Amino acid sequence: MKHPIRILAFLFLGLLPVMASAASAARLDFATGEVRALSPAGLARQLAKGSELQSGETVQTGRDGRAQLRFSDGGMLSLQPGSEFRLDDYQFSGQADGSEAGFFSLLKGGLRTITGLIGRSNRDRYKVTTSVATIGIRGTEYTISYLDPETIAVATGEGRIEVCNKAGCVLVSSGEAAVVRGSEEAPKLTDSRPRLDPAQPVTDDLRPPFAAGETQLQTMASGPGYTMVHASNVAGPATQAGVTAQFNNFDLLTRADSAPHSFALTGGTAQASSRDGVIGWGRWSNGVREDGTAIPNFHYVVGKLTPMSELTGLGAGTYTYSLIGGSTPVNTQGVAGSLNTATMQANFGAGTMALTLNLGVTVAGNSYTFTQALAPMTTSQTFAFAALDDGALGTGSASGMFVGTNAQYVGVSYSVTPFNEDAIKGSAALGR
């Protein structure tokens, strides 16, 4: 009996083009369920068989979505449901002449790929980045799958890959597998191989099940019991409790109902992401309140609050939170910037908390670091920073909340105003 990985490789290789057009980075050979692309500016468009992709775009598959991409250098890639795959920098002129580039990011989910010409003659020109490691190749077929937000499993079918993070590197050759648990622990070879099912359904109504023991990605579940922190052009940072949330198949919050206000997405640009099915965040360019008030530039983080008993049980240790994701900061004139870093430290025993946000402001070409420390601080599920300061006459404020078991995550919405600039709104999710 032939090895299933070799059968897969044969099927993929049979689809490799003799020469693909360099007009686009890739096109879809197959799509089922919800599959869409996000532009670098956050504009979404639905994808179908034959759709083309450009460098800089992100492909997202919904909870029922699968996709197979064919790259212009002959590479093939299939995405599992609930995946996000970004084409960070893709360049191919038709031959490997040193100008080619294949730099990608798997933000969540899983993929299987056979690489094309990029990276075969110069492996420094190809890399896939994940939350905990980067993968380089030497001409190969391999899989990557998130087991949880901070753990990936990889396996090589043909050729060899190199898996690296700041703790070390490991070579994974044909038939081998490795696991990476966080960015601080070196990748390790393992006997357990991740398994991804084919991108194609067997029939329109029958899709291959996940393998025994394989964990499906957790997604945000619509329903009551949520709390939301938000900021927009019509309101500063605020906290909304008792929210009944509605999410679409891409974990985008589309409606949030609670007293005294409800919020609904009405169209335009929208961003969304989530972690662990516990905390979600995003931005609407256009929304509306229950009274008909337009709420442009609406940024949010939504999740279920950490129980007070768990907060008080954390004791006097210092807990440090780092950025795991956030909406694109946008000022009140619609100019986008960047959220470079975000950190927070909390010591519940000592009653202290400190928040730091570093933002790049495109309109001025500068970066600003807004900080504030709170002391004394009463242990609470929600909190507010009313006097963020960049030390250069810039001011701001933020609303936040602790989310998940034992305050694993922090959600923050903010409004900051650099000196002589427009106010910038945004949201951030942090984890420890």
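The values are calculated or read from the model by the stated rules, or taken from the named source; none is laboratory data. Note that this is a predicted model, so its numbers are computed, not measured. For neighbour counting, all protein chains shown are included, and Cβ atoms are generated from backbone atoms with ideal geometry for every residue, glycine included. What goes into the accessible areas is simple: the full protein's heavy atoms, side chains included, and nothing from ligands, DNA or RNA. Shrake-Rupley method; radii C 1.70, N 1.55, O 1.52, S 1.80 Å.
Out of VAL229, VAL202, VAL234, VAL179, which single residue is out of contact with any Cys (no Cβ under 8 Å at 6 or more places or on another chain), at pLDDT 90 or above and loosely packed, with under 15 Cβ neighbours inside 10 Å?
Checking each option against the conditions leaves just VAL234.
Could you please give the count of residues in segment 108-124 that are in contact with a Gly (Cβ under 9 Å, 6 or more places away or on another chain), under 27 Å from LEU147 (Cβ atoms) and not polar (S, T, N, Q)?
Counting residues in segment 108-124 that are in contact with a Gly (Cβ under 9 Å, 6 or more places away or on another chain), under 27 Å from LEU147 (Cβ atoms) and not polar (S, T, N, Q) gives 7.
State which residue pairs qualify: first residue in contact (Cβ under 8 Å) with a residue 12 or more places away in the chain and over 17 Å from ASP422 (Cα atoms) and inside segment 385-405, second residue surrounded by 15 or more Cβ atoms within 10 Å (Cβ to Cβ) and of a type in the set (Asp, Glu) in any location, beta carbons under 8 Å apart, and separation of 6 or more residues or different chains.
Close Cβ pairs (under 8 Å, with a partner that is surrounded by 15 or more Cβ atoms within 10 Å (Cβ to Cβ) and of a type in the set (Asp, Glu)) amount to GLY404/ASP276; THR405/GLU310.
Considering only segment 369-386, state which residues are of a type outside the set (Gly, Ala, Ser), open to solvent by 40 Å² or more (accessible area, probe 1.4 Å) and not in a loop (DSSP other than H, G, I, E, B).
Within segment 369-386, THR369, THR371, THR382 meet the criteria.
Going by what's in this entry, would LEU357 be described as surrounded by 16 or more Cβ atoms within 10 Å (Cβ to Cβ), in a loop (DSSP other than H, G, I, E, B), of a type outside the set (S, T, N, Q) and touching a Phe, Trp or Tyr at 6+ places or on another chain (Cβ under 6 Å)?
no
Return the total of residues in segment 388-398 being hydroxyl-bearing (Ser, Thr, Tyr) and in contact with a Gly (Cβ under 8 Å, 6 or more places away or on another chain).
1
Would you mind stating whether ASP97 is in a strand (DSSP E or B) and surrounded by fewer than 24 Cβ atoms within 10 Å (Cβ to Cβ)? Let's see the steps before the verdict.
On the way: in a strand (DSSP E or B): no; surrounded by fewer than 24 Cβ atoms within 10 Å (Cβ to Cβ): yes.
In short, no.
Name the single residue, out of those in segment 100-114 being in contact with a helix residue (DSSP H, G or I) (Cβ under 6 Å, 6 or more places away or on another chain) and aliphatic (A, V, I, L, M), that is surrounded by the fewest Cβ atoms within 10 Å (Cβ to Cβ).
ALA101
Can you give me the number of residues within segment 302-327 that are part of a loop (DSSP other than H, G, I, E, B), touching a strand residue (DSSP E or B) at 6+ places or on another chain (Cβ under 9 Å) and under 27 Å from THR254 (Cα atoms)? Walk me through how you get there before you give the answer.
Step one: filter segment 302-327 for residues part of a loop (DSSP other than H, G, I, E, B), giving 304, 306-307, 313-317, 327.
Then keep just the ones that are touching a strand residue (DSSP E or B) at 6+ places or on another chain (Cβ under 9 Å); that gives 304, 306, 314, 316-317, 327.
Applying the additional criterion that residues be under 27 Å from THR254 (Cα atoms) yields 304, 306, 327.
Residues that pass the stated criteria total 3.
What pairs come up if the first residue lies in segment 241-262 and is modelled with pLDDT under 95 and acidic (Asp, Glu), the second is outside any loop (DSSP other than H, G, I, E, B) and crowded, with 16+ Cβ neighbours inside 10 Å, and their beta carbons are under 7 Å apart, counting only those six or more places apart or on different chains?
ASP251/ALA272; ASP251/SER273; ASP251/SER274; ASP251/GLY280
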